[in-house]
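A.B. asks: Please find one structure pasted underneath; my questions will follow.
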Amino acid sequence: TQSTRPQRILGAVQQNATRGDPRSVVRAIDQYCRNQEWAMNVGDEKGCILDSVVSEVNPATVLELGTYCGYSTVRIASLLPPHAKLITLEFNPEFAVIARQVIAWAGLEDKIQLVEGASGDLIPKMKEQFGVETFDLVFLDHWKDRYLPDTKLMEECGLLRKGSVLLADNVICPGTPEYLEFVRSSPRYESQYFKSHLEYTKVEDGLEKSVFLG
Ligand SMILES: O=C(NCCCCCn1ccnc1)c1cc(-c2ccc(F)cc2)cc(O)c1O
Ligand SMILES: [Mg+2]
């Protein structure tokens, strides 16, 4: 029977990466998706920008919206300080099954909690169910029309504090126009655009970093 793209990505990790070595997992996925078949990982070029923001924020609590195969999950978690935690939400159960195995291969299960479900349902449960106060960093990489409603929901649920950083993928391609307009015009956010390219291509894309001002 036919394999799926996520299954083939997992295969590339298991064949080419070293167990317990997160950077080798990231490298194996990038090599596979650049040379064999494109996939919607944040990728190596935008990934370097992601790394610099994670290192600068040095977060104790991270929320990722949109796990896919776990590429950015592993990339972020590999840079976290010892007792830091990353919660990642994935709606698609087939993606979640693969991501759990990629995370395990990287040896990062202790830092990462993958939760399956819709962000709109799970965000209001963060405090009670997952013992979260606020998030130091949020990486938005799920349905592009959910970036704005979920940001407003995080504010309403008291999950953002003065200085919380939102980092949004794909603000140009596929694009998140309403979100971009909101964070760039709202007095409660200080936004900055990092110009880059759509993963593994020459098409323009970028990351928007927005600091919540409280
Ligand atoms: O759709 C994307 N991501 C969301 C996937 C589903 C999320 C499900 N989910 C998880 C939690 N809550 C809901 C995405 C798409 C592209 C792209 C770009 C160009 C193109 F021609 C085709 C595709 C590039 C990305 O970098 C992306 O992130
Ligand atoms: Mg993306």
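A.B. asks: Could you tell me which of the pairs 85/127; 85/125; 127/162; 46/162; 46/144 are separated by over 23 angstrom between their Cα atoms in the structure shown?
C.D. replies: 46/162
A.B. asks: Continuing with this model, one more query. When 203, 97 are ordered from fewest to most other Cβ atoms inside 10 Å of their Cβ, what list results?
C.D. replies: Result, fewest neighbours first: 203, 97.
A.B. asks: Count the DSSP beta bridges whose two residues both fall in the range 140-214, then state the antiparallel fraction as a percent rounded to the nearest 5.
C.D. replies: Once the DSSP bridges in the range 140-214 are tallied, antiparallel ones form about 95 percent.
A.B. asks: Using a 10 angstrom cutoff on alpha carbons, build the Gaussian network for the chain and name the most mobile of 141, 30, 150.
C.D. replies: 150
A.B. asks: In a GNM of the chain with a 10 Å cut-off on Cα contacts, which of 204, 64, 116 has the highest mean-square fluctuation?
C.D. replies: 204
A.B. asks: What longest range of the chain stays clear of loop-exposed trypsin sites (Lys or Arg not before Pro) (DSSP non-H/G/I/E/B, at most 14 other C-beta within 10 angstrom)?
C.D. replies: 20-187
A.B. asks: Among 78, 186, 119, which one shows the biggest mean-square fluctuation in a GNM of the chain, springs joining Cα atoms closer than 10 Å?
C.D. replies: 186
A.B. asks: So, one more: Which whole-number percent gives the relative contact order of the range 10-141, counting Cα pairs below 8 Å spaced six or more residues apart?
C.D. replies: This gives 30 percent for the range 10-141.
A.B. asks: Given 10 Å bins starting at zero, what is the percent of C-alpha pairs of the range 140-185 in each, up to the one with the largest pair distance?
C.D. replies: Calculated P(r), rounded to whole percents: 26, 59, 15.
A.B. asks: What does the convex hull of the Cα atoms of the range 1-79 come to per residue, in Å³, rounded to a whole number?
C.D. replies: Hull volume over Cα atoms, normalised by residue count, gives 97 Å³.
A.B. asks: Simple spin-label model, 7 Å along Cα-to-Cβ: residue 162 to residue 201 in nm?
C.D. replies: Calculated label separation equals 4.2 nm.
A.B. asks: Charges only on Cβ, +1 for Lys and Arg, -1 for Asp and Glu: so what's the dipole of the chain about the Cα centre, in debye to the nearest 20?
C.D. replies: The dipole of the chain has a size of about 320 debye.
A.B. asks: Per residue Cα convex hull volume for the chain, in cubic angstrom?
C.D. replies: 111
Taken together, the values in this text are just the output of simple stated rules run on the coordinates, not laboratory data. The model shown is predicted, which means the values in this text are computed figures rather than measured ones. Heads up, the Cβs are rebuilt from the backbone with ideal geometry, glycines too, and the neighbour counts pull from every protein chain shown.
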